[in-house]
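For reference, the structure is listed below as structure tokens.
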Amino acid sequence: MEITVREMKQDDVEAAAAIFFESFNSFNASVGLAPEWPNLEFCRNVILGFIEHPGYKAFVALDGKGRVIGSNFLEFHDSVAAPGPISVEAGEQNRGAGRLLMLASIDCAWALGKTSIRGVQVT
């Protein structure tokens, strides 16, 4: 299956938010943690905040049919860039989408002239 990555568009927010919500909350449940996000609307607003903020870039992974299967974000301030949070639809994991999303974020950070990339832990 071919996976492509591009910058997120407004039309991608609904699909990205659903994956974001499900992936984080199902993982947290699997390890006995409280849900990461209270509801889907909260996730929509988080993602909208990312794509509308000038200090962030947002990316989506698309399957061969153009369907959103994951997302990643890049925060950049001063000389530092921080990728994440990253999420990939459960049925699409282990096929390379997460790797491609992270590589797109890293490439973007270097293109923006950032000299340091640091991981972000949400939970």
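How big is the charge dipole of segment 4-117 about its Cα centre, in debye rounded to the nearest 20, if each Lys and Arg gets +1 on its Cβ and each Asp and Glu gets -1 on its Cβ? Don't skip to the end; give the middle numbers.
On the way: 9 positive and 14 negative charges, 61 e Å.
Dipole size: approximately 300 debye.
Going Cα to Cα from K114, which lysines come in below 27 Å? Please leave out same-chain ones fewer than 8 positions away.
Hits, sequence-local ones excluded: K9, K57.
Can you list the residues, at least 5 places off or on another chain, whose amide H is less than 5 Å from the amide H of I117, using H built in the peptide plane?
The list, which skips near neighbours in sequence, is A81.
So what are the ³J(HN,Hα) numbers for segment 18-26, from phi and the Karplus equation (6.51, -1.76, 1.60; θ = phi - 60°), rounded to whole Hz, Gly and Pro as x?
5, 5, 4, 4, 5, 5, 5, 5, 5
Applying a 10 Å radius around every beta-carbon, put 8-20, 35-47 in order of their mean neighbour count, most first. Intermediate values should be presented prior to the final figure.
Numbers: 8-20: 18.1, 35-47: 15.4.
Order by mean packing, descending: 8-20, 35-47.
Which of the aspartates and glutamates could be linked to K65 by a straight reach, that is with a Cα gap under 19 Å, when you skip same-chain ones fewer than 8 residues away?
Answer for K65, where 19 Å is the Cα cut-off: E2, E7, D11, D12, E14, E89, E92, listed by chain and number.
Using the crude model of +1 on Lys and Arg Cβ and -1 on Asp and Glu Cβ, and no other charge, please compute the dipole size for segment 3-71 relative to its Cα centre, in debye to 20. Don't jump to the answer; show the numbers that get you there.
Numbers: 6 positive and 9 negative charges, 38 e Å.
About 180 debye.
Using 0.36 nm per residue, how much length does the chain from R6 to S26 gain when fully extended, once their Cα-Cα distance is taken away? Working shown, then result.
Working: separation 20, 0.36 × 20 = 7.20 nm, distance 2.57 nm.
Separation in residues times 0.36 nm, less the Cα-Cα distance, equals 4.6 nm.
Taking only DSSP H segments of four or more residues, each worth -39500 (n - 2.57), what value at 222 nm results for the chain once the sum is divided by all its residues, to the nearest 500 deg cm²/dmol?
Numbers: 3 runs with 46 residues, N = 123.
So the helix-based figure for the chain works out to -12500 deg cm²/dmol.
Given axes a ≥ b ≥ c from the Cα gyration tensor, I'd like to know whether segment 44-123 is rounded (a/c under 1.5), prolate (a/b larger than b/c) or oblate.
Working: a/c = 1.88, a/b = 1.55, b/c = 1.21.
Prolate, because a/c is 1.5 or more and a/b exceeds b/c.
Quick one: go through segment 3-36 and flag any residue whose amide nitrogen is under 19 Å from the point 7 Å out along the Cα-to-Cβ line of N45.
From segment 3-36, the list is 13-22, 24-25, 35-36.
Along the charge dipole of the chain, which of L100, G70, S23 sits closest to the positive end, that is, farthest toward it, with unit charges on the beta carbon of Lys, Arg, Asp and Glu (+1, +1, -1, -1)?
The residue sitting most towards the positive pole is L100.
Since every read-out is calculated from the coordinates, none of them should be taken as a lab result. Computed from a predicted model, the values in this text were never measured in an experiment. When we count neighbours, we look across all protein chains shown, and the Cβ atoms used for this are built from the backbone with ideal geometry, even at glycine.
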